[in-house]
Amino acid sequence: MSDSTFAIAPDGVNPSVVPQRTLHTGAKIPSVGIGTFGSDRFSAEEVATAVLGAISVGYRHIDCASIYGNEHLIGESLRTAIQGGIKREELFVTSKVWNNMHGEGDVLLSLAKSLKDLKLDYLDLFLVHWPFPNHHDQGVSVDSRDPHAVPYIHEDFMKTWRQMERLVDMGLVKAIGTSNVSIAKLKLILRDARIKPAVNEMELHPHFQQPELFQFCVDNKIVPIGFCPIGSPTRPDRDKTDTDTVDIQDPVIVKIAQRLGVHPAVVCLKWAVQRGQVPIPFSIHRSEYLSNLKCSTENLLTDAEMKELAGIDRKCRLIKGQVFLWTTAKDWPDLWDEDGHIAGL
Ligand SMILES: NC(=O)c1ccc[n+]([C@@H]2O[C@H](COP(=O)([O-])OP(=O)(O)OC[C@H]3O[C@@H](n4cnc5c(N)ncnc54)[C@H](OP(=O)(O)O)[C@@H]3O)[C@@H](O)[C@H]2O)c1
């Protein structure tokens, strides 16, 4: 990556026309970001090359995480872009502390490593990736349970959150947020946080709209960031179950895609931006990531189409999180507090 050069693509999108959302800090976040989780399909090199390409076509929001194992190469892409004329302040870079770094001193260490890898001296947003300290080794079967895994323990989460707040005080991160939390957990976090979460990163796509959590976030000035915005159609088979549905095959989405002459993926993203969340689609293919950004700036969906899309929610959670279950948990719904109650031991 270090040999790469950077140039603004003539066929790209002017970042100033990409819609933005405002965080409670007053900072602006571009309403489409590029995801960087290559899973086991794409190498760190491929993802980092895509990030540089994405910046050249107008992306300014990049969703990273230490656990994705590619921040060191994405950092080279960021450096190349900055040396090529993009100002640091124009970029909005997110990273996340992984589950095995929730300890008091570990949050700072995790941030230090991400900053070093990303070759930055501050982050725009730092998230607690999951509300549990439950680590799992890569490639373990989805049914395996770590004997050390525990349910959500609010006091422990707040110890991690206090460290996140410290990072804001130190000027190392501009904003902090949660990911993969429920309304029940957010209520406790909002009650006890000195610095409230500015965003909640959550699974959001037309077949999984989470209307209550979405509205709770909006009502509490927490910007919803939507992961798997296209329904993660190419996720590994081990992350698929027989009951999972496929957003991009939904007849309503296909019909709208045909009207607009676009891929159904693009309809999912238009819906997301117009609904008010911030999708972070992943692709390493230039034509795809370019269309994923461009779609936020042209040919809006009609009110009737937005209404029709609101009606196709299948409540189909794709990232169920089974590997984070503790030994006495019943099944993955225990992670998500669907009855409004936080599951314990
Ligand atoms: N906070 C969390 O816990 C969490 C969890 C999951 C994900 N995330 C973040 O969310 C990002 C996105 O999630 P995701 O990658 O699972 O799902 P996704 O963005 O819904 O789906 C990505 C896949 O969609 C296909 N695609 C993308 N754009 C397309 C287009 N214009 N036309 C046709 N196909 C298109 C690509 O398939 P091909 O590669 O085959 O082209 C790509 O691999 C991740 O990269 C990560 O940054 C966060």
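The values are calculated or read from the model by the stated rules, or taken from the named source; none is laboratory data. If you're wondering where the values come from, they're calculated on a predicted model, not measured in any experiment. Here Cβ is always computed from backbone atoms with ideal geometry, including for glycine, and neighbour counts include all displayed protein chains.
Is it the case that some residue within region 209-216 is without any contact (Cβ under 8 Å) to a residue 60 or more places away in the chain, closer than 24 Å to Asn134 by Cβ and within 17 Å of the chain's Cα centre (by Cα)?
Checking region 209-216: at least one residue is without any contact (Cβ under 8 Å) to a residue 60 or more places away in the chain, closer than 24 Å to Asn134 by Cβ and within 17 Å of the chain's Cα centre (by Cα).
Do you know which of the residues in region 85-116 that are of a type in the set (A, V, I, L, M) and in contact (Cβ under 8 Å) with a residue 40 or more places away in the chain is farthest from Asn180 (Cα to Cα)?
Filtering first and then ranking leaves Ile86.
Do we find that Lys294 is over 21 Å from Gly261 (Cα atoms) and basic (Lys, Arg) in this structure?
Criteria not met by Lys294.
Would you say Asp303 is away from the ligand (no atom under 16 Å from the Cβ), farther than 23 Å from Leu213 by Cβ and of a type in the set (Asp, Glu)?
Yes: the conditions hold for Asp303.
For region 204-222, enumerate the residues that are surrounded by fewer than 24 Cβ atoms within 10 Å (Cβ to Cβ) and part of a strand (DSSP E or B).
Once the filter is applied, which keeps residues that are surrounded by fewer than 24 Cβ atoms within 10 Å (Cβ to Cβ) and part of a strand (DSSP E or B), region 204-222 yields only Phe208.
Contact list please: Cβ distance under 7 Å, first residue in region 137-156 and outside any loop (DSSP other than H, G, I, E, B), second residue surrounded by 10 or more Cβ atoms within 10 Å (Cβ to Cβ) and among the aliphatic types (A, V, I, L, M), pairs at least six apart or on different chains.
Within 7 Å, the pairs are His154/Leu188.
Could you tell me which of the residues Arg235, Arg286 is in contact with a helix residue (DSSP H, G or I) (Cβ under 8 Å, 6 or more places away or on another chain), among the basic types (Lys, Arg), touching a residue at least 24 places away in the same chain (Cβ under 8 Å) and crowded, with 16+ Cβ neighbours inside 10 Å?
Every option except Arg286 fails the conditions.
Taking region 199-251, which residues are over 14 Å from Lys320 (Cα atoms), more than 9 Å from the ligand (Cβ to nearest atom) and charged (D, E, K, R)?
Glu212, Asp219, Lys221, Asp250
For region 297-315, how many residues meet the condition of being under 23 Å from the mean Cα position of the chain (by Cα) and either farther than 18 Å from Val254 by Cα or among the acidic types (Asp, Glu) (or both)?
Of the residues in region 297-315, 3 are under 23 Å from the mean Cα position of the chain (by Cα) and either farther than 18 Å from Val254 by Cα or among the acidic types (Asp, Glu) (or both).
Which residue, of Cys228, Cys268, is over 15 Å from His24 (Cβ atoms), modelled with pLDDT of 95 or more, more than 15 Å from the chain's Cα centre (by Cα) and crowded, with 23+ Cβ neighbours inside 10 Å?
Of Cys228, Cys268, the one residue that is over 15 Å from His24 (Cβ atoms), modelled with pLDDT of 95 or more, more than 15 Å from the chain's Cα centre (by Cα) and crowded, with 23+ Cβ neighbours inside 10 Å is Cys268.
Here is a check on your reading of the model: is Ala27 hydrophobic (A, V, I, L, M, F, W, C), touching a Ser or Thr at 6+ places or on another chain (Cβ under 8 Å) and in contact (Cβ under 8 Å) with a residue 12 or more places away in the chain?
no
Of all the residues that make up region 67-94, how many are part of a helix (DSSP H, G or I) and among the basic types (Lys, Arg)?
Number satisfying all stated conditions: 2.
Return the pairs, sorted by first residue and then second, in which the second residue is in a loop (DSSP other than H, G, I, E, B) and hydroxyl-bearing (Ser, Thr, Tyr), the first residue lies in region 291-307 and is closer than 11 Å to Val273 by Cβ, the beta carbons are less than 8 Å apart, and the residues are 6+ apart or on different chains.
Close Cβ pairs satisfying both conditions: Asn292/Ser283; Leu293/Tyr59; Ser296/Ser31.
For region 79-114, which positions are within 16 Å of the ligand (Cβ to nearest atom), more than 21 Å from Ala149 (Cα to Cα) and surrounded by fewer than 24 Cβ atoms within 10 Å (Cβ to Cβ)?
Leu91, Phe92
Among the residues of region 120-130, are any within 20 Å of Val223 (Cα to Cα), within 20 Å of the chain's Cα centre (by Cα) and away from the ligand (no atom under 16 Å from the Cβ)?
Scanning region 120-130 turns up no residue that is within 20 Å of Val223 (Cα to Cα), within 20 Å of the chain's Cα centre (by Cα) and away from the ligand (no atom under 16 Å from the Cβ).
Say we look at region 119-136 and pick out the residues that are assigned to a loop (DSSP other than H, G, I, E, B) and of a type in the set (A, V, I, L, M, F, W, C); which of these is farthest from Pro197 (Cα to Cα)?
Leu120
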